[in-house]
Amino acid sequence: MSKERTTLSVIKADIGSLAGHHVVHPDTLAVASRILAEGKSKGIINDYYVTNVGDDLQLIMTHRRGIDNPAVHELAWTAFKEAAKVAKDLGLYAAGQDLLSDAFSGNVRGLGPGVAEMEFEERPSEPVVVFMADKTEPGAFNLPLYRIFADPFNTAGLVIDPRLHLGFKFTVYDAYEGREITLNAPEEIYDLLALIGTPGRFIIRRVYRKSDNEIAAVVSVERLSLIAGRYVGKDDPVAIVRAQSGFPAVGEILEAFTHPHLVAGWMRGSHYGPLMPVGLRHAKVTRFDGPPRVVALGFNIKNAKLVGPADLFDDVAFDEVRRTAQFITEYMRRHGPIMPHRLGPEEMEYTTLPEVLQRLSSRFVETGEKKAAKPKITSELLTPKEEKGD
Ligand code: F6R
Ligand code: MG
Ligand code: MG
């Protein structure tokens, strides 16, 4: 019989927060912990860790049931529902925000929460890093994941370590068309970058080690606005990355976050700002509802139990990164409501701006001048000819 496999599930939702979209209230964390403790005693999960990053309640769970397991998803859904009830009782802001439907039917995907899950056979020591970001979108992990698994200037092991040397495979999700493509690195890195350079649409959702197809990383790709068809806050993402002995070292994984790159999100999900790596004590979003933040918790997993966490960005080694992020914050804020601080028109589609613009439409008058050609949208270019019907 093959060895028992372990599943790590990170499921998150914004169920309401204290004083705006700022930070989760301790009472809602407590009720979520109670529900997961019950789930553990019933044997649904083997272990759990409950925390928050900004206004997102994070459930980190280990079990033996595989990904997309109905009992585990139901447990998470119940924890969010009960926490949302407490949020409502306390009058917290946007109580129940991410719970978009009442009709739970075995899986939280598509109902609002974000999900990153992976199943593997535990190595003798199984170090993992759980990343949780607030006020940004899943594509925010595109750049760091590329750096970790495809850029030897970040990850020395890609050159030096024979176990990493063959490279990794990236599965990229097209959030507009609900389809995915798998590309090999290093052979196809230019094609990979051609897609993931549009992080609002093409999102790295899984990474595999090429030599043995072993899962290396997974990202939540749920896009709230696309599910709801309207603006309901950003899809603050989570990711899991396996580390060491044949995977990038923890230090190589964290190194990818030393450049506070610009990500979409921040105030009203409508602005670019730097992704600032912080420890849990600074995981609250204040300035202009941000700047966007990311926390990294390191765990060891043993017999489907969580050992840890280590609060990895809570270290002076990241002080300069944070200072750079603050500088960029100031610089971007000076643009006010003007692009490129504010997102471009395609990304603003699912915010509250269209409603405002609609009101102006009847006041435009035709001038009779030549019209500029509209840009060919990427959808059209990426649709195979026969499907276009021409
Ligand atoms: C972004 C976010 C916040 C809100 C902003 C306005 O994801 O949640 O920046 O968009 O605080 O919130 P409302 O419209 O609820 O007043
Ligand atoms: Mg919120
Ligand atoms: Mg949030």
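Each label was represented as a point 7 Å from its Cα along the Cα-to-Cβ direction; for Glu369 and Glu180 these points are 4.7 nm apart.
By how many nm would the segment from Asp68 to Thr258 grow when fully extended, if each residue of separation counts as 0.36 nm and the alpha-carbon distance is taken off? Each step should come with its number before you reach the end.
Numbers: separation 190, 0.36 × 190 = 68.40 nm, distance 3.28 nm.
Going from the current span to full extension adds 65.1 nm.
When restricted to Cα atoms, the chain yields an Rg and a Dmax of 21.1, 76 Å, respectively.
My understanding is that a pair violates if its Cα-Cα distance is over 31 Å; which of Lys234/Lys371; Lys12/Lys376; Lys12/Lys210; Lys40/Lys210; Lys169/Lys376; Lys81/Lys169 do that in this structure? Could you put the intermediate results ahead of the total?
Working: Lys234/Lys371 34 Å; Lys12/Lys376 36 Å; Lys12/Lys210 29 Å; Lys40/Lys210 35 Å; Lys169/Lys376 29 Å; Lys81/Lys169 37 Å.
Listed pairs above 31 Å: Lys234/Lys371; Lys12/Lys376; Lys40/Lys210; Lys81/Lys169.
Each residue of region 141-152 was assigned a 3J(HN,Hα) from its phi angle through the Karplus curve 6.51 cos²θ - 1.76 cosθ + 1.60 (θ = phi - 60°); the sequence is 7, 4, 5, x, 5, 4, 4, 5, 9, 9, 10, x Hz, with glycine and proline shown as x. Estimated from helices alone, the mean residue ellipticity of the chain at 222 nm is -7000 deg cm²/dmol (sum of -39500 (n - 2.57) over DSSP H runs with n ≥ 4, per residue). With the simple model of a label 7 Å out from the Cα in the direction of the Cβ, Lys3 to Arg334 spans 5.5 nm.
Quick check on packing: order 184-191, 52-59, 315-322, 294-301 by the mean number of other C-beta atoms within 10 Å, highest mean leading. It would help to have the intermediate numbers written out before the result.
Values: 184-191: 15.1, 52-59: 27.1, 315-322: 13.2, 294-301: 23.1.
Sorting 184-191, 52-59, 315-322, 294-301 by mean packing, highest first, produces 52-59, 294-301, 184-191, 315-322.
Maximal additional length on extending the Thr286-Asp191 stretch stands at 30.4 nm, based on 0.36 nm per residue less the C-alpha distance. A crude spin-label estimate for the pair Arg34 and Ser379, with each label 7 Å from Cα along the Cβ direction, gives 4.6 nm. Ranked by the mean number of other Cβ atoms within 10 Å of their residues, highest first, the peptides 117-123, 174-180 fall in the order 117-123, 174-180.
Each residue of region 16-25 was assigned a 3J(HN,Hα) from its phi angle through the Karplus expression (A = 6.51, B = -1.76, C = 1.60, θ = phi - 60°), giving x, 8, 8, 6, x, 8, 10, 7, 6, 7 Hz with x at Gly and Pro.
Based on the Cβ-Cβ distance from Arg323 to Glu355, what FRET efficiency comes out when R0 is 35 Å, to the nearest 0.05? If you can, show how the numbers build up before the last one.
Values: r = 38 Å, r/R0 = 1.08.
Once the sixth-power term is evaluated, E becomes 0.40.
When only alpha carbons are used to place a centre, region 126-191 and region 277-303 end up 20 Å from one another.
Every read-out reported here was derived from the displayed coordinates using simple, explicitly stated rules and does not represent laboratory data. Note that the structure is predicted; figures quoted are calculated from it, not measured. Cβ coordinates were reconstructed from backbone atoms using ideal geometry, including for glycine residues, and neighbour counts include every protein chain displayed.
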